[in-house]
Amino acid sequence: MSRAIVANRRRWLIGIAGLAFSLSAHHAHAQQPATLKLGVLTDMSSLYADITGPGSVAAAKMAVEDFLAGPHRMKRSIEVVSGDHMNKADLGASIAREWIDRDSVDAIVDTPNSSVALAVRNVVQQKNRALLISGASSSDLTGKSCSPNLVHWTYDTYALATGVARAVVESGGKSWFTLTADYAFGYAMEQDIKNVVQKNGGSVVGGVRTPINSQDFSSFLLQAQASKAQVVGLINAGGDTINSIKQAVEFGIAAGGQRVAATVLYLSDVHSLGLKVAQGLQFTEAFYWDLNESTRAWSKRFAPRNKDRYPTAMQAGVYGAVLHYLRAVDALESSTDGKAVVGKMKELPTDDPLFGKGTVRADGRKLHNMYLFEVKKPEESKYPYDYYKLVSTIAADQAFRPIADGGCSLVK
């Protein structure tokens, strides 16, 4: 039996006429064009499931609905399938290969966990399909590992590091000790953090690598305390961020005069931690549900589809990437050549209710504003999920790495 049985094989089909739903295309007319298939390859069961997972699948379906509800020429049905890569690069690559070879999936979406994304990138380029990355954050995906078949939508380690590290150093946090997730995302973010800290006059005095999905950060936090660094930088995500912040409070890191900096923080993390624990944390993000009228309206449509949980930036990124991909396929009137579709995505300006107007660069990097947020105090929160206050807006040309500095082979 195939390893890809792990993948969730539930089929979700949208018919063009009246947005009719069915579980399969068995009743489609023989002359109907082939179904366009999107595979949301995500974490459905582990530490990133709350920030991506079922919410990413729901966001992809909303993008399909909204595309079909607007002006379009496409006469194909659109099907969304989902799979759980379990944060294993080899499993992610295996699911991607089987989806493409057996199920004729046209585009793979999300891929949280940079090691998984890098493995899937190789399969997608070999098979000439499209990869729409929202969940993975390694800046290598538009640098030394860029691909003509890839768009990196929501954020990356460079953009995340630029906002929060600069703000912390400028406010006096000059010396850093880092706790770094021991895989591709952590390595890329650690280097980006070091570059930003040093560029702004600070230094990284030490650090330790931590296994992914750790439950006990005590030994790592003791090393951070012993370093006497002004800032303990948490270079992790999802469940690891939640656990390390909770344990930093228990160990009295802040009470002892050190500052905790969460380089990656999501709405679901703050919801889990509670404002009493998370208050005052500053971090960089690409999206917040309560940012403006458009983000609020979309998020209130999304929440009922996600067990009343409001969207994270990565789930929002899935929506934006899928919507723009469908517009590119519609313009080309074909999804067969993944490289050509990604080329059209770069050619067309982007515009959606969550990220506004933007562009996709030659290296595959999607450009939009980033934001420096601070978690509110409990008494400042007035309604459910009212967690952030905006500190500053970082323009796209300042937030993301200059295209000439990434080492992408696609850049002339």
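The values are calculated or read from the model by the stated rules, or taken from the named source; none is laboratory data. This structure is a prediction, so every number in the text was calculated from the model and none was measured. All Cβ positions, glycine included, derive from the backbone under ideal geometry; neighbour counts span all protein chains shown. Ligands, DNA and RNA are excluded from the accessible area calculation, which covers all protein heavy atoms including side chains. Shrake-Rupley method; radii C 1.70, N 1.55, O 1.52, S 1.80 Å.
One table, with the values for the structure above:
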{"read-out": "Matching residues in segment 296-334 - criterion: being in a loop (DSSP other than H, G, I, E, B), open to solvent by 10 Å² or more (accessible area, probe 1.4 Å) and of a type outside the set (Lys, Arg)", "value": "ASP308, TYR310, GLU333, SER334"}
{"read-out": "Residue that is surrounded by the fewest Cβ atoms within 10 Å (Cβ to Cβ) [pool: residues in segment 171-223 that are touching a Gly at 6+ places or on another chain (Cβ under 9 Å) and over 19 Å from ALA237 (Cα atoms)]", "value": "GLN223"}
{"read-out": "Segment 273-318, subset in contact with a strand residue (DSSP E or B) (Cβ under 7 Å, 6 or more places away or on another chain) and farther than 19 Å from GLU380 by Cα, residue modelled with the lowest pLDDT", "value": "THR284"}
{"read-out": "Within segment 280-294, considering residues that are within 17 Å of the chain's Cα centre (by Cα) and outside any strand (DSSP E or B), the one farthest from GLY55 (Cα to Cα)", "value": "ALA286"}
{"read-out": "Test: residue in segment 335-347 that is of a type outside the set (Lys, Arg), farther than 21 Å from VAL124 by Cβ, modelled with pLDDT of 95 or more and open to solvent by 60 Å² or more (accessible area, probe 1.4 Å)", "value": "no"}
{"read-out": "Test: residue in segment 42-56 that is over 20 Å from MET314 (Cβ atoms), small (Gly, Ala, Ser), open to solvent by 30 Å² or more (accessible area, probe 1.4 Å) and touching a helix residue (DSSP H, G or I) at 6+ places or on another chain (Cβ under 9 Å)", "value": "no"}
{"read-out": "Test for LYS127: is it open to solvent by 10 Å² or more (accessible area, probe 1.4 Å), touching a residue at least 60 places away in the same chain (Cβ under 8 Å) and among the charged types (D, E, K, R)", "value": "yes"}
{"read-out": "Positions within segment 136-168 being closer than 21 Å to GLU374 by Cβ, in contact (Cβ under 8 Å) with a residue 40 or more places away in the chain and more than 19 Å from the chain's Cα centre (by Cα), in sequence order", "value": "ALA165, ALA167, VAL168"}
{"read-out": "Complete set of residues in segment 227-241 that are more than 20 Å from the chain's Cα centre (by Cα) and open to solvent by 10 Å² or more (accessible area, probe 1.4 Å)", "value": "SER227, LYS228, GLN230"}
{"read-out": "Selection count, segment 355-387, where residues are closer than 29 Å to TYR325 by Cα, in contact (Cβ under 8 Å) with a residue 24 or more places away in the chain and charged (D, E, K, R)", "value": "4"}
{"read-out": "Filter pass, ALA63 being on the phi < 0 side of the Ramachandran plot, of a type in the set (A, V, I, L, M) and either open to solvent by 50 Å² or more (accessible area, probe 1.4 Å) or under 15 Å from the mean Cα position of the chain (by Cα) (or both)", "value": "no"}
{"read-out": "Top-ranked residue in segment 381-392 [being open to solvent by 60 Å² or more (accessible area, probe 1.4 Å), at pLDDT 95 or above and not in a loop (DSSP other than H, G, I, E, B); ranked as nearest to ASN195 (Cα to Cα)]", "value": "LEU390"}
{"read-out": "Considering residues of segment 308-328 that are over 12 Å from VAL109 (Cβ atoms) and in contact (Cβ under 8 Å) with a residue 60 or more places away in the chain only, the residue nearest to the chain's Cα centre (by Cα)", "value": "ALA313"}
